[in-house]
Structures are given as C-alpha cells and as structure tokens.
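Note sheet for the following structure.
The values are calculated or read from the model by the stated rules, or taken from the named source; none is laboratory data. Predicted model only: the values in this text are computed from it and were never measured. Glycine gets a Cβ as well: all are built from the backbone with ideal geometry, and neighbour counts include every protein chain shown.
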Amino acid sequence: MRKIGSLADRLLGVMVPKGRAEAASCWYEQCGGRHSRYCCYYPDSNVVICDACLYRP
C-alpha cells in the first residue's frame, strides 16, 4: 500500500505544480468493498482530485 501511495505522490507531483502538490492533503478513500482510490484536496482552489477506484488487497 505504501508503494502505491508514493507512486501516486510522484505522479501527482508531475501533473500538478509543486506549490500546490505540497499544500495538498491526500488520503485513501473507500469506493466499494475492498476497493479504494487516492485523493488529494487543494485548499487554495477547493479541488479534490482522485485516481481510479482500484482493488486493494
């Protein structure tokens, strides 16, 4: 699970300017059964960005 989080952080850092990525609050969110998605909330723009809902063993 930790590897997935760090990969998501690296991808987010590439897609979003560094200042916003560092200011983000990120978490795993359940989206059904044993599925979850990684979401980041940006307080400066009130935007939540989530990845796909994936099976997490």
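Which residue is surrounded by the most Cβ atoms within 10 Å (Cβ to Cβ), if the candidates are limited to region 24-57 and must be modelled with pLDDT of 85 or more and in a loop (DSSP other than H, G, I, E, B)?
51
Exactly one of (1) in a loop (DSSP other than H, G, I, E, B); (2) modelled with pLDDT under 85 is unmet by residue 21. Its number?
Only one criterion in (1) in a loop (DSSP other than H, G, I, E, B); (2) modelled with pLDDT under 85 is unmet by residue 21, namely (1).
Right, residue 6: of a type in the set (Ser, Thr, Tyr), modelled with pLDDT under 80 and assigned to a loop (DSSP other than H, G, I, E, B) or not?
no
Could you give every pair whose Cβ atoms fall below 8 Å, whose first residue belongs to region 34-54 and is among the aliphatic types (A, V, I, L, M), and whose second residue is part of a loop (DSSP other than H, G, I, E, B), counting only separations of at least 6 or pairs across chains?
Cβ pairs passing all conditions: 49/16.
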